Structure formats: C-alpha cells, structure tokens
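The numbers here are math on the coordinates, done by the rules we state, and not lab data. Keep in mind that this is a model prediction, so the values were computed, not measured. Every residue, glycine among them, receives a Cβ derived from its backbone with ideal geometry; neighbour counts consider all protein chains shown.
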Amino acid sequence: MTGAVAKRYARALASVAGEQSRLEHTADELERVAGWLEDPDVKAAFDSPNLGVAARRGLVGRLVESLGLSELTKNFLALLAERNRLDQFPGVVQAYQTLVDRSLGRVRAVVRAATPLDDASVEQIRSVLEQISKKKVLVSVVVDPTLIAGVSVEIEGRVYDGSARTQLTHLARSMAREVSPG
C-alpha cells in the first residue's frame, strides 16, 4: 500500500524526470537504491533516532557516490534525507513505477508458479496478458512451491488463479457441500 506522502513525492519526481526525459532511467536508479536500502544494517542506520540531518545527508552522499546516480536522483534522495522521509522510500518507488508504467502504456504482472518457468512459457503468458489488457506487460515470475502446480497471475489488481492448490480447495468445498446434511 502506498501512502499519500509517498505518492506526492513520486508525482513530483516523475514531473521533473519527465521534463528531463529521464523517466525510465530514474526508475532504474530508484530500484537500485531500494535494493541497497533493504540491507538491514543500512536500514537500521537510517532509522536511528540519533542520526541527525547532516549524518543522514552524509550517508545518502556515500550511497549516491557508490551507485553512480544522476544529479536528479541524488537531489531527490538528499531531499528525502533532509526531511526525514527516507522511511517513505519504498512507497515512493512503487508509486513512481506505477506513474512511469501508466505514462508508457504498460502494466506489470506477477506470475506465481510452483516451479521455475522456461522463457517460452513466460513469453506465452505475457502474450495472453497483453491480449487481455491491450497494454505492454512486464512479467516477473515468483516461484511458490505451495501452489503445487499451475500458475497464479496478478495484473492490474486482478488475480487469475489457475493453481492446483486453488482448484483442490474449490473441489474440497464442493464435496463438503454435497456431503453436509441439507
């Protein structure tokens, strides 16, 4: 869930990035930063109440330098650090990515499968999803052995569940209704 504050920051960043024709480049940089900020030690450092604005800016400066980020992303991170809003960063990344996808006429789909999918299967799923959505679809695959078999797809807030686990659950419920005294 993305909060209102994160969405405001994302819209502002997208506006500036769009003016500079850097929407996708900035999205890539934000993803790299998000990965770095997920490190437990880094997260703990930024979350520390003893970390002042100057120290927070210093940490962001080292991050920017180590990742070779653009001036736009550097300034944005410095702003978040200065305003003590780095806790909003995951929501900003999510909201920003949604804005970029919408601007570029694409959507994201998460495909959950019981086992890894080969490239041909992923491409077939992508093709079907593009026909359904009438948009370019970016697919990410998550292996979830609890599905037993089949796949489950989430796209644009909808779930298409063709997993064996769900089919077995429906079958069990149907059988229970038939067996239960009427």
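Listed highest first by mean packing, meaning other Cβ atoms within 10 Å per residue, what order do 140-148, 20-28 come in? Write down the numbers at each step before the final one.
On the way: 140-148: 12.7, 20-28: 15.2.
Ranking the peptides 140-148, 20-28 by packing returns 20-28, 140-148.
Here are labelled values, (i) 0.99; (ii) 1.11; (iii) 0.96, and one is the computed Rg/Rh (Cα atoms, Kirkwood Rh) for what I pasted. Which one?
Calculated Rg/Rh (Cα atoms, Kirkwood Rh): the matching label is (ii).
Can you give the translational diffusion coefficient of segment 22-93 in µm²/s, computed by Stokes-Einstein from the Kirkwood radius over Cα pairs at 37 °C and 0.692 mPa s? Show your work: numbers first, answer last.
Numbers: Rh = 12.2 Å.
Estimated diffusion coefficient is 270 µm²/s.
Divide by every residue of the chain the summed helix terms, -39500 (n - 2.57) for each DSSP H run of at least 4, and state the resulting mean residue ellipticity at 222 nm, rounded to the nearest 500 deg cm²/dmol. Spell out each step's value before the answer.
Numbers: 8 runs with 112 residues, N = 182.
The helix contribution divided over the chain gives -20000 deg cm²/dmol.
Explain nothing, just the number: relative contact order of the chain, from Cα pairs under 8 Å at least 6 residues apart, as a whole percent.
Details: 187 pairs, mean separation 38.2, N = 182.
Taking the mean separation of contacting Cα pairs over the length of the chain, I get 21 percent.
Around L138, which amide H atoms from residues at least 5 apart in sequence, or from another chain, sit under 5 Å from its own amide H, with H modelled in the peptide plane?
It is V107, R108, A109, by chain and number.
For segment 133-161 and segment 1-70, what is the separation of their C-alpha centers, rounded to whole Å?
With segment 133-161 and segment 1-70 each reduced to a Cα centre, they are spaced 28 Å.
Of K74/K134; K7/K136; K74/K135; K43/K135; K7/K43, which pairs sit farther than 27 Å apart, going by alpha carbon to alpha carbon?
Numbers: K74/K134 36 Å; K7/K136 23 Å; K74/K135 32 Å; K43/K135 36 Å; K7/K43 21 Å.
Among K74/K134; K7/K136; K74/K135; K43/K135; K7/K43, the Cα-Cα distance tops 27 Å for K74/K134; K74/K135; K43/K135.
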